[in-house]
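Everything on this sheet refers to the single structure shown next.
The values are calculated or read from the model by the stated rules, or taken from the named source; none is laboratory data. Predicted model only: the values in this text are computed from it and were never measured. Here Cβ is always computed from backbone atoms with ideal geometry, including for glycine, and neighbour counts include all displayed protein chains. Ligands, DNA and RNA are stripped out before the accessible areas are found, and what is left, the full protein with its side chains, is counted by its heavy atoms. Shrake-Rupley method; radii C 1.70, N 1.55, O 1.52, S 1.80 Å.
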Amino acid sequence: MSLFDGDRAEMIEVLKKKEIKNEEVLRVMGEVERHLFMPEYSRRRAYEDCALPIGFGQTISQPYTVAVMTELLFPQKDDKILEIGTGSGYQAVILSKLGCRVFTIERNVDLGRRAEQIFKTLNLRIASKIGDGTLGWKEYAPYNGIIVTAGAPVIPEQLQNQLKDGGRLVIPVGDKKSQTLIVVDREGNNFKQKEIDGFKFVPLIGKEGWKEIG
Ligand code: SAM
């Protein structure tokens, strides 16, 4: 039993009310201790359904956003998944607990190192690196799924190209104020898109992303 067990159970009820239906996603989010992924000063609010600061001007995504994106990605056990924007490491751990082989890239060195430490503490095999995720991670491509957790101006071509045939990319695309979640399904050399409106992410900075913060 931990101090936050009740709060986490309430968070799951909120997600259910917001139409999150995937039982596995709900189960895993009900188990993973979100407060461990944030600095002491944010922990009190760890199970509120909102994004919270994790330092370096970045945030851990809102639980609802994590749940929706994971549902949309629809990962299966043993799928190879690439995440862009490790941040706190929470989303990567959710995917790992769902049985996926997770690869994650963060551009901020301090955040990347902190997340690596958490993966180690939790005894999870998650491959992580510091770098520009807009370029993907070619050495391990192709992926069954790619999830981008920062808002992009356009869909980075290299990410689409690192999808397996039948693979899926979930990415928020828009201006810096708000984004549309785009789900891209690869069928051979065709990329089919579906859009879901009304999300807000920190910017994806990089060669195929925004050029700078602000
Ligand atoms: N998935 C994270 C979690 O579970 O806490 C939330 C990530 S936060 C909303 C977005 C992250 O994307 C930030 O940590 C930011 O530094 C990172 N980021 C932005 N542009 C990036 C890029 N080109 N490559 C890798 N990471 C990037």
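Amide H to amide H, with H built 1.01 Å from N, Gly167 comes under 5 Å of Arg186, counting only residues 5 or more places away or on other chains.
In this structure Lys129 has an accessible area near 70 Å², from a 1.4 Å probe over the protein heavy atoms. Heavy atoms of the protein chains alone define the surface here; on that basis the chain has 49 Å² accessible area per residue at 1.4 Å probe size. Taking the Cα atoms only, what angle lies between the long axis of helix 109-121 and the longest principal axis of the chain, rounded to 10 degrees? So the helix axis and the longest Cα principal axis differ by about 60 degrees. Straight-line reach from Lys77: taking Cα to Cα under 12 Å and skipping same-chain neighbours fewer than 8 places apart, the aspartates and glutamates in range are Glu24. For Asp79, the amide hydrogen comes within under 5 Å of the amide hydrogens of Arg101, counting only partners 5 or more places away or on other chains and with H modelled in the peptide plane.
Ranking Gln91, Ile12, Thr70 by Cα position along the charge dipole of the chain, where only Lys, Arg, Asp and Glu carry charges on their C-beta atoms, puts Gln91 farthest toward the positive end.
Its DSSP H runs of at least 4 residues, each contributing -39,500 (n - 2.57), put the calculated 222 nm mean residue ellipticity of the chain at -8500 deg cm²/dmol, to the nearest 500. Annotation: amide H of Trp210 within the under-5 Å range of Leu204, Ile205, sequence separation 5 or more or interchain, hydrogens built in the peptide plane.
Couplings 3J(HN,Hα) of segment 82-91, computed from phi: 10, 10, 10, x, 4, x, 6, x, 4, 4 Hz, in residue order, whole Hz [Karplus 6.51 cos²θ - 1.76 cosθ + 1.60, θ = phi - 60°; x for Gly and Pro]. Full extension of the segment from Gln160 to Asp197, taken as 0.36 nm per residue of separation minus the current Cα-Cα distance, would add 11.3 nm. The phi torsions of segment 16-25, fed into the Karplus equation with coefficients 6.51, -1.76 and 1.60 and a -60° offset, translate into couplings of 5, 4, 8, 6, 7, 10, 5, 4, 5, 4 Hz, rounded to whole numbers, with Gly and Pro shown as x. On the basis of the beta-carbon distance and an R0 of 45 Å, Gln76 and Lys176 show a calculated FRET efficiency of 0.85.
Note on Lys176: lysines with a C-alpha under 23 Å away, same-chain residues under 8 apart excluded, are Lys194, Lys200, Lys207, Lys211. Each of the peptides 178-184, 72-78 was scored by the mean count of other Cβ atoms within 10 Å over its residues; in descending order, highest first, they stand as 178-184, 72-78.
Ranked by the mean number of other Cβ atoms within 10 Å per residue, highest first, peptides 92-102, 143-153 order as 143-153, 92-102.
Within segment 5-199, the proportion of Cα pairs with more than 25 Å between them is 30 percent. The lysines within cross-link reach of Lys80, meaning a Cα-to-Cα straight distance under 17 Å and a gap of 8 or more places when in the same chain, are Lys97, Lys129, Lys138, Lys164.
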